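In what follows, a structure is listed as structure tokens, so that the remarks can point back to it.
The values are calculated or read from the model by the stated rules, or taken from the named source; none is laboratory data. Model, not experiment: these values are computed from the prediction. Glycine also receives a Cβ, built like all others from the backbone with ideal geometry; neighbour counts cover every protein chain displayed.
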Amino acid sequence: MMKRYLSLDVGDRTIGIAVSDLLGLTAQGVETIRRTNLEADLKRLGELMDQYETRSLVSGLPRNMDGTEGDRCEIVRAFADEVKKAYPDVTITFWDERLSTVAATRSLLEADLSRRKRKKVIDKMAAVFILQGFLDHQRIAAARADQN
């Protein structure tokens, strides 16, 4: 069965959003939610889930470089808990996003975007990197399972 995923790059001021295609091959940036309050953030996320017909989320988990979880992970998990309360039918998978923002920044620098333009799209791009990593992992795992 084919299904879409939405990915979240949860920050204090913004939430980067990306969506997968129905085949689960590619991730595209959707938007950056400017955070105002929890109710508004959850409402917009719900609208996007409805628009893209999915209840499957992949949330970046910003682990420390040594793999441990710090304050940022607690903030992301707390937001995920609020999403689950608002939308009990949602499944949330956490994905290690340690280098997603670094990769997104590098990719935007290579595209020669100005600092102002980079600032506007960095969170959305980080969400794309999170989701693409997750999708690639799923595909590799499925291929391995098929071989056994």
Given the structure, is Val83 crowded, with 16+ Cβ neighbours inside 10 Å and closer than 20 Å to Gly133 by Cα? no
Leading residue by the ranking (nearest to the chain's Cα centre (by Cα)) among those in the stretch 1-32 that are buried (at least 17 other Cβ atoms within 10 Å of the Cβ) and polar (S, T, N, Q): Ser7
Can you find even one residue in the stretch 2-23 that is in contact with a Pro (Cβ under 6 Å, 6 or more places away or on another chain) and either closer than 26 Å to Ala143 by Cβ or at pLDDT below 95 (or both)? no
Tell me which residues, restricted to the stretch 77-106, are at pLDDT below 95 and of a type in the set (Val, Ile, Thr). Thr101, Val102, Thr105
Within the stretch 33-56, considering residues that are β-branched (Val, Ile, Thr) and over 15 Å from Lys84 (Cα atoms), the one nearest to the chain's Cα centre (by Cα): Ile33
Filter the stretch 46-69 down to the residues that are surrounded by 10 or more Cβ atoms within 10 Å (Cβ to Cβ), without any contact (Cβ under 8 Å) to a residue 40 or more places away in the chain and more than 13 Å from Glu97 (Cβ to Cβ) and list them by number. Glu47, Asp50, Gln51, Arg55
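So that you can scan it fast, the table gives a plain yes or no per residue for (1) among the charged types (D, E, K, R); (2) in contact with a strand residue (DSSP E or B) (Cβ under 6 Å, 6 or more places away or on another chain):
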| residue | (1), (2) |
| --- | --- |
| Arg4 | yes, yes |
| Asp12 | yes, no |
| Asp21 | yes, no |
| Gly29 | no, yes |
| Ile33 | no, yes |
| Leu45 | no, no |
| Gln51 | no, no |
| Thr54 | no, yes |
| Cys73 | no, yes |
Quickly run through the stretch 59-82 and pick out the residues that are in a loop (DSSP other than H, G, I, E, B) and under 26 Å from Arg4 (Cβ atoms). Pro62, Arg63
